[in-house]
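These notes concern the structure reproduced below.
What follows is calculated from the coordinates using simple rules that are stated; it is not laboratory data. As the structure is a prediction and not an experimental result, all values here were calculated from the model. All Cβ positions, even for glycine, are placed from backbone atoms using ideal geometry, and neighbour counts span all protein chains on display.
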Amino acid sequence: MNFERIFYIMLSNSAPIILCVLGGNYAHKANVLNISLEGMMLVGAFASVFFVSVTESLLVGALVGIIITLVFGLIFAFMCVTQKGNPIIIGLAINLLAFSITAFLLKVLNTANLNVNNIVDVAGLKINIPLIKDIPFIGQIVSGHPLVTYISFIGIFIMWVIMYKTKFGIYVRVVGENEDAAYSVGINVNKIKYIAILIGAFCSALAGINLALEKMALFTNGMTAGIGFIALAAIFCGRGRPGLSSLYAILFGLAQSLSVNLNISAGPVSGLFKTLPYFVIVIILSVASIIQNKNNRMRGFKNE
Amino acid sequence: MKKGKMFLLDIFNSLLPVLSAFGIGAIIIILIGGNPLTTYSIMFSKTLFNWNGFLKTLHFASPLILTGLAIAITFKANIFNMGVEGQLLVGGFFACVVGFYFEGLNPVVHVILGLLTGITCGMVFAFIPAILKAYFKVNEIVVTLMLNYAVIEILRILTQTIYRDPTSGYVSTPAVASSAMFYRIGGTRLTLFFPLTIIVFVIMYIIFKKSRLGYEVTAVGKNPEFAEASGMNIKRKIIYIMLISGALSGLAGAGYMFSEKFKYTLDFSGNPGLGWDGMLIALLGRHSPIGIIIAAIFYSALKTGGDIINIFTNVPKESVGVIQGLIILFISIRFINQNTKLFGNTMARFSTTKKKKNEEVQK
C-alpha cells in the first residue's frame, strides 16, 4: 500500500472540508444553524468554473465565484436574520436551489459538464514548496498542493486567532451564548450574525474553487457529494472550535482517502468503500455525542 | 372568527411564496428565450384541466402525499428527518426484490407482501437515527443525511452486481412480476395505490388528531422539557415518530415501485427525489392535513408538467427544480406578518412561541 499517496489525498480531500468547517464555525458559534454550506460550495464551484470559461482568466473567475456565493450568503442571512425564518428550511432551500440552478444552467448550456482544461493547467497550479519537497516521505505528502489547499491549513490558525483573540470573535461567541445579553450591552446582534454567515459563504466559495477549479478544472452535477454536510458533522463533533473541528475534518479526509485507495485495490465490491466516510461520520458523531452527554446529570430532555 | 382569520392568513402565506416563485421562474424563462405564459399554461392545462392529465397527476401525487405526511409528522415533534429520501429508496428497492423474486403468487398476497417489506425496510432504516437521537442526542439531521448518501451508494452496488438484470441494456433490476403490479382503475393511469394512500392518510389523521399519541407528539414538539416534566417518555415518542415516518416513506417507495416504476433504476426517485418533494409539500401544506393533500396534488402537477414543457417548449424540466427551491426559500418566512391589520391581530402570541422554538432548535 502506498502510504504517501494515501496521506497526500487525505490532505487534498481535507482542504474543502476544513474550509467549510472554518467558515461554518462562526455561524455555529453565533447560534445560526447553517446547513447550506453544501449548496454554497456548489455555487462557488459552478460560478468560478463558469466565469473562468467565459473570461478565460483564473483570477477573475475565482473572484466572481466568490462574489456570487456571497450573494447566496446574503440571501440566507436576510431570510434568516432579518426576516427571522427557520434556518434549517432556508438552508435546505439554498441547497436545493444551488443544485437545481446549476443543473438547469448546465442543461441550458447543453453540456453534461463544464470543462476548462484548456484554460486552467491543473498540474501547473500545484505548488512545490522548495526545501520541504526534498524531504523524503513528508515532502511527497505536504508539497505539491494547489494554493487554496495551503490557505485552508493556514486558515485554521487565522480563524483561531479571529475567534479567540479579537473583539469580533468575542462578540460572535457572546451572541451565540446569550442573544439578549449581547443586545443589552449594545452589540449589534444582527450585524454579527450577518458577518458570521458571510464568512461561511466566503469559505464555502473557496472550498468550491478548490474542489472544482484547482483540482480538476471541471464542474459536474452535484460534485460536492455531501462535503458540506460532512463539514457540518465535523463542526458538531468539534463543538465549533476551529482547531478541534478541523482535526475531525482531517479525519474525514482520511476516511475518504482510504475509500479511494481501497477502491483501487479491492475487486468487484470496491464501491462499498465509497460508503466508508459516511459511516465513519455517523459513528464518530455518535461517540462524540455520547462522551459529551455522559456527564450530563441534568434532569429532563433538552432538544439539542 | 379568530380561526377564520388564521385560515386566511395561512392560505395567503402559502399562496404568496408560490406566486413569487413562479414570478421569478417567469423571469428565468424569459432570459433563456422562452415564453413564460405559454409555458405555464401548457404545464397546468395538461395536468389539471384535462381529465386524463388530472388522473395522471393524482397518480403521481400518491407517493408525494405519503412522503409529505412522513415529514410533516416529524416536523410536528420538532425533529428533522432528512432521511425520508433514503428510507423511500430502501423501501422501494426491497419491495422490488420481493416483487421479482416470487412468481405465481396471488396478486393480493404479493402486493401486500411487497408493501410490508417496504414498510419494514423503511422503519429499520429510520430506527438508526431514531435511537441515536433519542438516547444519545446525536443530531438527527447530519445522521439522516449521511445515511442517505451511504444508502444510495449501497443500492447502486446491489443494482450493479447481485440484482442486475443481465438482459437490460442499462443498469436496473429485473421488473417485478405482473402479480405484484397494482391494479389500474378503469384503464387509466390511476392505480389502487391512490385509494390506499387516502386510507393511510385518514388513519394518520385520526391518530394525530384524536389519539393520545398525537397529543403527546404535539406536546413534545412545542416544549420537550415541559412534556418530560409532565411525565411523558420523550425518548420513546421520538422513536415512535421516526418509525412512523420511516414506515410512511417505505410505503411510498414500495407503492411507487408497484404502481409506476416496476424496476429499480439509479434514478428511481427522480431528481430532486420524492423525499425532498415531501419536504416542500409538508411546508407548503403548513402541517395541516388537507393542506398536504392539496400541496401534493399541486406539486405533482408541477412535476408532470415539467416533463410536458420539456417536450412542447424549449424550457428544460430542470426549471421545475429551481421553482421548487424558490418556493421553499420563500415559504420559510411569513410574507404577511402575524400582526398584520389585513385580517386583524390575533396571532401575536404565535410569533413568540415560534421564536422560542427556533432558539431551542439551535441550542
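Okay, here's what the table says:
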{"read-out": "Nearby aspartates and glutamates by direct alpha-carbon distance to B:Lys133 (threshold 15 angstrom, same-chain neighbours under 8 apart not counted)", "value": "A:Glu304"}
{"read-out": "Kirkwood Rh in Å, taken over all unlike Cα pairs in the stretch A:3-224", "value": "18.2 Å"}
{"read-out": "Coordinate range along principal axes, alpha carbons of the protein assembly as shown, Å, largest first", "value": "78, 66, 54"}
{"read-out": "Dipole magnitude of the stretch B:56-271 about its Cα centre (Cβ charges: Lys, Arg +1; Asp, Glu -1), debye to nearest 20", "value": "460 debye"}
{"read-out": "For the stretch B:56-271: relative contact order, % (alpha-carbon pairs under 8 angstrom, 6 or more apart)", "value": "43 percent"}
{"read-out": "Rounded Å value of the spacing that divides the Cα centres of the stretch A:176-229 and the stretch A:1-56", "value": "10 Å"}
{"read-out": "GNM top mover of B:Leu15, B:Leu283, B:Leu248 - chain B, alpha-carbon springs below 10 Å", "value": "B:Leu15"}
{"read-out": "Relative contact order for chain B, counting Cα pairs under 8 Å that sit 6 or more residues apart, in percent", "value": "34 percent"}
{"read-out": "Most mobile of A:Leu105, A:Leu114, A:Leu92 in a GNM of chain A (Cα contacts under 10 Å)", "value": "A:Leu105"}
{"read-out": "Cα shape, the stretch A:1-95, gyration tensor, a/c 1.5 rule", "value": "oblate"}
{"read-out": "A:His145 long-range amide H proximity, modeled H, under 5 Å", "value": "A:Ile127"}
{"read-out": "Structure-based [θ]222 nm, the protein assembly as shown - -39500 (n - 2.57) summed over DSSP H runs of at least 4, per residue, nearest 500", "value": "-23500 deg cm²/dmol"}
{"read-out": "Nonlocal Lys pairs with alpha-carbon distance under 29 Å, the stretch A:3-224 (8 or more apart, or different chains)", "value": "15"}
{"read-out": "Chain A - percent relative contact order, Cα under 8 Å, separation 6 or more", "value": "35 percent"}
{"read-out": "Within the stretch B:74-108, chymotrypsin sites (Phe, Trp or Tyr not before Pro) in DSSP loop having at most 16 other beta-carbon neighbours inside 10 Å", "value": "B:Phe102"}
{"read-out": "Calculated FRET value between A:Ile119 and A:Lys84, using beta carbons and R₀ = 35 Å, to 0.05", "value": "0.20"}
{"read-out": "Gap separating the Cα centres of the stretch B:203-245 and the stretch A:95-150, nearest whole Å", "value": "48 Å"}
{"read-out": "Chain B shape via C-alpha gyration tensor axes, a/c threshold 1.5", "value": "oblate"}
